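Enquirer: Got a structure for you, written out below as structure tokens; questions coming shortly.
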């Protein structure tokens, strides 16, 4: 049986999502067929809305539907926690005990893939150092994350702002996004100054 | 941090898909944010297109973008294989050696959830018996599937059309040691003579 064109097309889009194989994508497509027309229309509209409304915060680079994100608008800017991706912010916010602001790099240095300092949002971070007391670098504890942390720490040094790295409470090679709240919380409170 | 409304809404839609939890749904939503605008627009359009174009085949009840599905248009109608859902058709078509047509019930009898003979597509099956030589009932080998198979077989009997049930037994490659008692019992009672 030839697969129906429109179903094949939708399956293709679903399988472009992270961790979704062809079989799972087909299940999702069938689920859409079984949705009410209203739900399907709402689903499609939600996709368009997210693309239309969500941009990057002018200050920290997190996803936001405003010019400046809610965290930057409301929080104390004397402590800046640097992460690789917006979903890392979501993971840390879930703990609820961090009260500073963030800076999202949208990547880490990766010379073998031609990702240098100009490809990630490092220069924006340096512009924020005025008035900052501490920068906590919370890139993933893997090779590229460590190298990026060291690079940023070196850049910040001349500014005289204290720079720290989250503690290796996280198993090496793990991803911040999937860490449990306790581990993540300990990793932040045990942060070590980079001297 | 308050979750951004439009992201929360899209996450909600993704989590309505089968087997998708809140965390996975959020990952999918972030993936949409990271898609190109063209891809996101295509994704949304594909959802709408599927809902608009896909209906049920007038004859067998399978999903189709035409009045009558491709299988019903091209295949021999003397053998009708009865399944619960469209995805069962996809599974059987993948084997590639069944040459008859299908009849999709879109459910099984389930009295405790008020699903009676009028709630699934049984009457349409009876109208197709004229000219049919055999009806193979391939509902799932569980309680409701068995009961539905027995009910349909009884309804077909007066029409004088041969009715069969797919075989129960051990799956190919299974180990007897790990088979459940019901399956093993059926495999033994349904044994076939080695000629």
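Quick note: the coordinates plus some simple rules give every number you see, no bench work behind them. Keep in mind that what you see is a predicted model, and the values were worked out from it rather than measured. Cβ coordinates were reconstructed from backbone atoms using ideal geometry, including for glycine residues, and neighbour counts include every protein chain displayed.
Enquirer: With everything on Cα atoms, drop me the angle between helix A:22-34 and the longest principal axis of chain A, reported from 0 to 90° to the nearest 10.
Expert: Between helix and principal axis, roughly 60 degrees.
Enquirer: At 7 Å along Cα-to-Cβ for each site, give me the label-to-label distance between residue B:185 and residue A:66 in nm.
Expert: Going from the residue B:185 label point to the residue A:66 one covers 6.5 nm.
Enquirer: If you don't mind, there's one more thing I want to ask. Specify the angular offset, from 0 to 90 degrees and rounded to the nearest 10, of the alpha carbon long axis of helix A:5-14 from the longest principal axis of the alpha carbons in chain A.
Expert: Helix A:5-14 and the main axis of chain A meet at about 20 degrees.
Enquirer: Would you mind ranking A:70, A:49 so that the residue whose beta carbon has the fewest other beta carbons within 10 Å leads the list?
Expert: A:70, A:49
Enquirer: Defining the label point at 7 Å along Cα→Cβ, can you sort the distances from residue B:177 to the same site in each other copy, shortest first, in nm?
Expert: Those label-point separations list as 4.0 nm.
Enquirer: On to the next question. Can you give the mean number of other chain Cβ atoms that lie within 10 Å of the Cβ atoms in peptide B:51-64?
Expert: Whole-number average of other-chain Cβ neighbours for B:51-64 is 3.
Enquirer: Identify which of A:52, A:119, A:177 has the largest mean-square fluctuation in a Gaussian network model of chain A, with springs joining Cα atoms closer than 10 Å.
Expert: A:52
Enquirer: In addition: Report the FRET efficiency, 1/(1 + (r/R0)^6), for residue B:126 and residue B:97, where r is their Cβ-Cβ distance and R0 is 22 Å, rounded to 0.05.
Expert: Here the calculated transfer efficiency is 0.20.
Enquirer: Express in nm, to one decimal, how much length is gained between residue B:16 and residue B:192 on full extension, taking 0.36 nm for each residue of separation and deducting their alpha carbon distance.
Expert: 58.9 nm
Enquirer: Oh, and also: Fewest to most neighbouring Cβ within 10 Å: what's the order for A:182, A:35?
Expert: Fewest to most other Cβ atoms nearby, the residues stand as A:182, A:35.
Enquirer: How far is residue A:52 from the same spot in each other copy, in nm, shortest first, if each label point sits 7 Å from Cα toward Cβ?
Expert: Its label point is 1.7 nm from the equivalent points in the other copies.
Enquirer: For segment A:12-124, what D do you get in µm² per second when you plug the Kirkwood radius from alpha-carbon pairs into Stokes-Einstein at 37 °C and 0.692 mPa s?
Expert: 195 µm²/s
Enquirer: Arranged by the count of other C-beta atoms within 10 angstrom, fewest first, what order do A:115, A:89, B:20 take?
Expert: Arranged by neighbour count, lowest to highest, A:115, A:89, B:20 become A:115, B:20, A:89.
Enquirer: Same structure again: Please label the shape of segment A:70-193 as rounded, prolate or oblate, based on the square roots a ≥ b ≥ c of the eigenvalues of the alpha-carbon gyration tensor (a/c under 1.5 means rounded; beyond that, a/b larger than b/c means prolate, else oblate).
Expert: rounded
Enquirer: So, in nm, how far is label residue B:53 from label residue A:159 when the simple model puts each one 7 Å beyond its Cα toward the Cβ?
Expert: Going by the 7 Å Cα→Cβ label model, 5.2 nm.
Enquirer: Separation of segment A:141-195 and segment A:98-129 by C-alpha centroid, Å?
Expert: 14 Å
Enquirer: Let me ask you something else. To the nearest 10 degrees, how steeply does helix B:37-53 sit against the main Cα axis of chain B, on a 0 to 90 scale?
Expert: Here the helix axis deviates by roughly 40 degrees.
Enquirer: Determine the shape class of segment B:5-53: with a ≥ b ≥ c the square roots of the Cα gyration tensor eigenvalues, call it rounded for a/c under 1.5, and otherwise prolate if a/b is greater than b/c, oblate otherwise.
Expert: oblate
Enquirer: Based on the mean of other Cβ atoms within 10 Å per residue, sort peptides B:23-31, A:56-64, A:185-193 so the most packed one is first.
Expert: A:56-64, B:23-31, A:185-193
Enquirer: In percent, what relative contact order does segment B:5-53 have, based on Cα pairs under 8 Å that are 6 or more apart in sequence?
Expert: That works out to 28 percent.
Enquirer: For segment A:93-195, calculate the relative contact order in percent as a whole number, restricting contacts to Cα pairs under 8 Å that are 6 or more residues apart.
Expert: 26 percent
Enquirer: For the protein assembly as shown, what does -39500 (n - 2.57) per DSSP helix run (n ≥ 4), summed and divided by total residues, give at 222 nm, in deg cm²/dmol to the nearest 500?
Expert: Calculated from helices alone, the mean residue ellipticity at 222 nm is -12500 deg cm²/dmol.
Enquirer: Using the 7 Å Cα-to-Cβ label point, sort the distances from residue B:23 to its equivalents in the other copies shortest first and give them in nm to one decimal.
Expert: Between copies, matching label points for residue B:23 lie 2.3 nm apart.
Enquirer: Calculated FRET efficiency, residue A:133 and residue A:37, Cβ-Cβ r, R0 56 Å, to nearest 0.05?
Expert: Plugging the Cβ-Cβ distance into 1/(1 + (r/R0)^6) gives 0.55.
Enquirer: For chain A, what's the relative contact order in percent, using C-alpha pairs closer than 8 Å and at least 6 residues apart?
Expert: 15 percent
Enquirer: I've got another one for you. Between residue B:119 and residue A:106, what FRET efficiency follows from the Cβ-Cβ distance if R0 is 56 Å, with the result rounded to 0.05?
Expert: Calculated transfer efficiency: 0.65.
Enquirer: Can you give the average number of partner chain beta-carbon atoms within 10 Å of each beta-carbon in peptide B:32-39, as a whole number?
Expert: Partner Cβ neighbours, averaged per residue: 5.
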